[in-house]
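> Could you have a look at this structure, given as structure tokens, before my questions?
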Amino acid sequence: MKRIALVGMPNTGKSTLFNRLTGGTARVANWPGLTVELACSRILLGAQMVQVFDLPGIYDLTGGAEDEQVAQRFLSEASLDAVVLVLNACQLDRQLALALQLKALGAPLVICLNMHDEAKRAGISIDVAALSAALDAPVQLLSAKYGHGLAECKKAIEGIFSQPAQKIDFSHIPHTANSANLHAREKQLFERCVQQAPTLNEGATARLDRLVLHPWLGLPLFILMMLALFQLTYAIGTPLQDLLEAGLTWFKDSALLPATASLPSFWQGIIVSGLFDGVSTVLTFAPIIFLFFCLMSVIEDSGYFARAAFMMDGLMSRMGLDGRGFVMLMMGFGCNVPAIMGTRVIRDHKARLLTMLTIPFSLCSARLQIFLFLSGALFSPTHAPWVVLSLYLASILIAMLTAVLFKAKFKSNEPFALELPPYRLPLLTHIWRRGWGEARDFLRLATTMIVLGVVLVWLLTNFPNPQHSYAAIISDFLAPVLRPIGIESTLSIALIFGFVAKEVVLGALSVITGHEGAALATQLSHTLDPVSAYSFMLFSLIYIPCISAIAAIKKESKSNLYTVFSMTWSLGLAWMVSFVFYQSARLLGF
Amino acid sequence: MNLAQLPVGDTARVVTLSVSIDLAQRLVALGLRRDSVITVLRRGWLGGPLQLRVGGTEIMLRRAAAQQIEIIAIDMQTKAQTATQAPTEMNPAEVIP
């Protein structure tokens with residue numbers, strides 16, 4: 001089987017070409033020795049089966065960044081029948097060097113000048129024949145987004161299969177930062193083969209930037225965009241979730257319960273309340289993750305994401321984060337799980353870990369439900385909104401404090417210079433593919449852990465029997481630790497439930513107390529006072545978000561140690577903050 | 001003069017890049033090299049990054065890094081010439097926020 005790889009700088013539409021070539025049938029593949037999974041697919045090209053690899057976007061063949069090393073390693077170890085280099089036709093002034101470099105290394109090169117449509121609009125004309133002659137490789141104009149030139153690209157790739165496959169030897173490559181010679185040749189080649197209007201016709205992007213990055217309007221606009229993102233996610237997602245839940249409940253009542261009725265109650269419990277409820281928990285996350293990433297894809301592909309990062313970078317760089325981290329933190333206010341997954345835009349591993357450490361403190365919509373209920377039950381209507389607002393502020397402060405405390409430990413090595421791509425209309429198929437892909441990956445990688453967690457909590461709260469369960473024993477055991485922060489045993493059992501999902505905390509409270517809704521509120525107002533209630537809310541805000549978030553952290557960090565560290569830090573900090581609050585409030589006589 | 005001092009809307013030629021090797025390499029790949037012509041489009045608030053245009057690419061660069069890039073401002077006369085060549089809409093002076 002033939003093997004080819006797609007190579008190119010970030011923002012050249014490489015993945016769009018990959019999806020065009022493969023029809024979106026990508027599988028992730030592990031290459032021996034690489035820490036990163038590569039998208040890979042098999043396609044039929046002419047009469048041959050061809051294995052296509054999509055390498056991470058690289059700026060430089062000699063670069064030290066993680067992605068660049070992955071690409072180098074792959075190129076030097078895999079025998080390739082063709083290296084398809086994707087260049088942005090609007091940016092040939094700086095991208096031709098990559099072609100010269102690869103050619104000098106003897107790669108079996110096919111060059112695709114992508115975004116040809118944009119280049120044409122910008123008044124750029126390219127002498128393809130001269131470029132092809134100078135680089136001694138087939139060169140093809142392409143618009144991967146619209147599929148123009150795709151057939152010709154495939155032909156060009158087939159055309160060089162007559163050459164033997166080869167590995168690329170990187171041992172003699174000069175460092176690009178010092179190779180004035182390479183850039184002199186690049187400039188010469190560019191001037192010879194590319195004609196350009198005196199200035200690029202970028203009017204629309206410049207005009208939009210004037211509004212989007214306006215010193216005073218930019219920020220409100222950003223907040224508005226974030227709000228719209230949440231609102232859309234939940235406006236569409238909640239009905240979907242409800243529908244899914246209704247379907248699952250129907251299945252449970254009409255099929256699962258009758259089918260397991262003859263089993264001993266232990267097995268029925270573990271299957272219905274453990275396994276099935278666990279799977280339901282995972283599944284109900286799927287619509288939110290799907291929608292969130294569809295919208296995220298719109299924000300990223302349109303070019304807005306880079307602008308948001310630009311606006312927030314001044315503030316965030318002081319805390320060791322960057323503008324992209326802030327956007328993700330904001331997303332966390334909707335749901336932590338996709339926000340943690342979304343940190344993937346930060347390519348530097350350590351910078352990503354630092355951002356992931358802060359996101360679990362974002363007050364997500366599930367926690368908001370608890371806070372709205374408790375503040376409504378225990379505070380006067382005039383005070384309740386301020387209580388919720390103060391929790392939002394606490395959430396932001398704690399996230400930032402965490403970043404500041406750990407910024408030395410997770411110091412980013414990423415050279416920070418981000419491209420601000422022109423505004424583009426996102427493509428529907430790409431949006432769909434992104435949402436679907438992320439939801440599928442989440443289900444694939446997080447299901448086991450979430451189901452195990454739910455089963456464990458079920459066992460803890462039902463054995464030996466629901467009245468005197470292990471959870472009650474644990475909460476008695478923890479009483480000396482939780483009493484100083486004002487959390488009584490009923491509430492600590494609720495915290496154990498909260499480990500599964502914050503959505504079930506209120507439900508657990510009504511099961512434990514035997515009251516629901518307004519009755520639960522009255523009951524709580526008899527057993528709790530505002531100080532201990534606020535302490536409970538602070539603790540709920542800061543301690544572990546939920547099993548799904550932990551699964552996401554583990555999936556993204558690929559490290560058990562980091563996951564445990566993140567959980568320990570959250571738990572420890574939750575206790576400390578609640579302790580300081582509770583004890584000082586009591587000392588002050590509240 | 002360094003790049004952080006260049007007023008918004010002005011254009012300059014890069015003389016030296018005294019940033020770390022990794023950043024230099026990234027900047028070179030993004031088109032910001034010795035002798036390249038660069039325009040400051042905007043400065044972020046709260047000491048935020050600069051928005052720059054180099055050739056066909058727009059990039060954001062933090063001010064600390066920009067301070068390590070030595071430049072020569074391209075004088076008004078040359079700029080006037082480029083401005084007359086360009087369509088009026090693209091006059092860099094217009095991009096000031």
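> Report, to the nearest whole %, how much of the accessible area of the protein assembly as shown belongs to carbon and sulfur atoms, 1.4 Å probe, protein only. It would help to have the intermediate numbers written out before the result.
On the way: 18590 of 29210 Å².
Roughly 64 percent, rounded to a whole number.
> Another one. For the stretch A:454-587, just say rounded, prolate or oblate: build the C-alpha gyration tensor, square-root its eigenvalues into a ≥ b ≥ c, call rounded for a/c under 1.5, and beyond that prolate if a/b exceeds b/c, oblate if not.
Values: a/c = 1.78, a/b = 1.21, b/c = 1.48.
Cα axes put the stretch A:454-587 in the oblate bin.
> Using the Cα centre of the stretch A:454-587 as the reference point, and only Cβ charges (+1 on K/R, -1 on D/E), how large is the resulting charge dipole? Debye, rounded to the nearest 20. Intermediate values should be presented prior to the final figure.
Working: 6 positive and 6 negative charges, 77 e Å.
The calculation lands at about 360 debye.
> For the stretch A:96-192, run through the chymotrypsin sites (Phe, Trp or Tyr not before Pro) and keep only the ones in DSSP coil with at most 16 other Cβ atoms within 10 Å of their Cβ. Intermediate results must be reported in sequence, preceding the final value.
Values: sites: A:Tyr146, A:Phe161, A:Phe170, A:Phe190; in loops: A:Tyr146, A:Phe170.
Of the chymotrypsin sites (Phe, Trp or Tyr not before Pro), the ones in loops of the stretch A:96-192 whose Cβ has at most 16 other Cβ atoms within 10 Å are A:Tyr146, A:Phe170.
> Now a separate question. May I ask you to derive the relative contact order of the stretch A:454-587, considering only C-alpha pairs under 8 Å and at least 6 residues apart, and to give it as an integer percent? Show your work: numbers first, answer last.
Numbers: 126 pairs, mean separation 32.2, N = 134.
Relative contact order comes out at 24 percent.
> How big is the accessible area of A:Tyr543 in square angstrom, nearest 10, if you roll a 1.4 angstrom probe over the protein chains?
10
> With a 1.4 Å probe on protein heavy atoms only, work out how much accessible surface B and A bury together, total over both chains, in Å² to the nearest 100.
Details: alone 6180 and 26760 Å², together 29210 Å².
What B and A bury together is about 3700 Å².
> Report the label-to-label distance for A:His383 and A:Trp267 in nanometres (one decimal), using points 7 Å from each Cα along the Cα→Cβ vector.
5.4
> Counting only protein chains, not ligands or nucleic acids, how are A:Trp250, A:Trp432, A:Trp575, A:Trp569 ordered by accessible area (probe 1.4 Å), most first? Let's see the in-between values first.
On the way: A:Trp250 170, A:Trp432 150, A:Trp575 75, A:Trp569 45 Å².
Solvent-accessible surface, decreasing: A:Trp250, A:Trp432, A:Trp575, A:Trp569.
> Same structure, new question: Cα centroid distance between the stretch A:429-443 and the stretch A:514-541, in Å?
Spelled out, the Cα-based centre of one part sits 39 Å from the other.
> What order do A:Lys502, A:Lys145 take when sorted by accessible area (1.4 Å probe), most exposed first? Mind dumping the intermediate values first?
Details: A:Lys502 5, A:Lys145 50 Å².
Greatest to least solvent exposure: A:Lys145, A:Lys502.
> Which of A:Asn181, A:Met316, A:Phe463 sits closest to the plus end of the dipole of the protein assembly as shown, meaning its Cα is farthest towards the positive end, when Lys and Arg get +1 and Asp and Glu get -1 on the C-beta?
Of the candidates, A:Asn181 comes out farthest on the positive side.
> Placing +1 at every Lys and Arg Cβ and -1 at every Asp and Glu Cβ, with all other atoms neutral, what dipole size does the stretch A:1-134 have around its Cα centre, in debye to the nearest 20? Kindly include the intermediate steps, with their values, before the conclusion.
On the way: 11 positive and 12 negative charges, 79 e Å.
The dipole of the stretch A:1-134 has a size of about 380 debye.
> Need one value: the accessible area of A:Leu105 in square angstrom, 1.4 angstrom probe, rounded to the nearest 10.
40
> Ignoring ligands, DNA and RNA, what accessible area per residue does the protein assembly as shown give at 1.4 Å, in Å²? Display every interim value, and only then the final one.
Numbers: 29210 Å² over 687 residues.
Value for the protein assembly as shown: 43 Å² per residue.
> Determine the residues within the stretch B:9-31 where the difference in accessible area between the chain on its own and the full set of protein chains amounts to at least 30 Å²; count protein heavy atoms only and use a 1.4 Å probe.
Those are B:Asp22, B:Leu23, B:Gln25, B:Arg26, B:Val28, B:Ala29, B:Leu30, which lose 30 Å² or more relative to the chain on its own.
> On to the next question. Roughly how many nanometres apart are two label points built 7 Å out from the Cα toward the Cβ at A:Asp529 and B:Ala64?
Computed distance between label sites A:Asp529 and B:Ala64 equals 4.8 nm.
> Give the separation of the Cα centroids, the stretch A:344-404 to the stretch A:476-507, in Å.
19
> Give the long-range amide H neighbours of B:Thr11: residues separated by 5 or more places, or on another chain, with amide H under 5 Å away, using H modelled in the peptide plane at 1.01 Å from N.
B:Ile74
> When N counts the residues of chain A, how does its alpha-carbon radius of gyration compare numerically with 2.2 N^0.38 Å, as a ratio?
Details: Rg = 27.6 Å, N = 590, 2.2 N^0.38 = 24.9 Å.
After normalising by residue count via 2.2 N^0.38 Å, the value is 1.11.
> Of A:Thr260, A:Thr522, which has the most accessible area and how do the rest follow, probe 1.4 Å? Intermediate results must be reported in sequence, preceding the final value.
Working: A:Thr260 10, A:Thr522 70 Å².
If we order A:Thr260, A:Thr522 from most to least accessible, we get A:Thr522, A:Thr260.
> Counting other Cβ atoms within 10 Å of each Cβ, which trypsin sites (Lys or Arg not before Pro) in the stretch A:345-443 have at most 15 and sit in a DSSP loop?
Details: sites: A:Arg347, A:Lys350, A:Arg352, A:Arg367, A:Lys407, A:Lys409, A:Lys411, A:Arg424, A:Arg433, A:Arg434, A:Arg440; in loops: A:Arg347, A:Lys407, A:Lys409, A:Lys411, A:Arg424.
Within the stretch A:345-443, the qualifying trypsin sites (Lys or Arg not before Pro) (loop, at most 15 other Cβ atoms within 10 Å) are A:Lys409, A:Lys411, A:Arg424.
> Helix-only estimate, please: 222 nm mean residue ellipticity of chain A, summing -39500 (n - 2.57) across DSSP H runs of length 4 or more and dividing by its residues, to the nearest 500. List each step's numbers first, then the result.
Details: 26 runs with 359 residues, N = 590.
Rounded to the nearest 500, it is -19500 deg cm²/dmol.
> For chain A, give the magnitude of the charge dipole about the Cα centre (Cβ charges: +1 Lys/Arg, -1 Asp/Glu; no others), in debye to the nearest 20.
Values: 43 positive and 39 negative charges, 111 e Å.
In total the dipole reaches around 540 debye.
> Could you give the length gained by full extension between A:Arg192 and A:Val564, i.e. 0.36 nm per residue of separation minus their alpha carbon distance, to one decimal place? Don't skip to the end; give the middle numbers.
On the way: separation 372, 0.36 × 372 = 133.92 nm, distance 5.74 nm.
Taking A:Arg192 through A:Val564 to full extension adds about 128.2 nm, to one decimal.
> Moving on. Sort out for me the Cα centre separation of the stretch A:279-333 from the stretch B:9-48, rounded to whole Å.
Distance between centres, Cα-based: 27 Å.
The values are calculated or read from the model by the stated rules, or taken from the named source; none is laboratory data. As the structure is a prediction and not an experimental result, all values here were calculated from the model. Cβ coordinates were reconstructed from backbone atoms using ideal geometry, including for glycine residues, and neighbour counts include every protein chain displayed. Please note that ligands, DNA and RNA were not included when accessible areas were found on the heavy atoms of the full protein model with its side chains. Shrake-Rupley method; radii C 1.70, N 1.55, O 1.52, S 1.80 Å.
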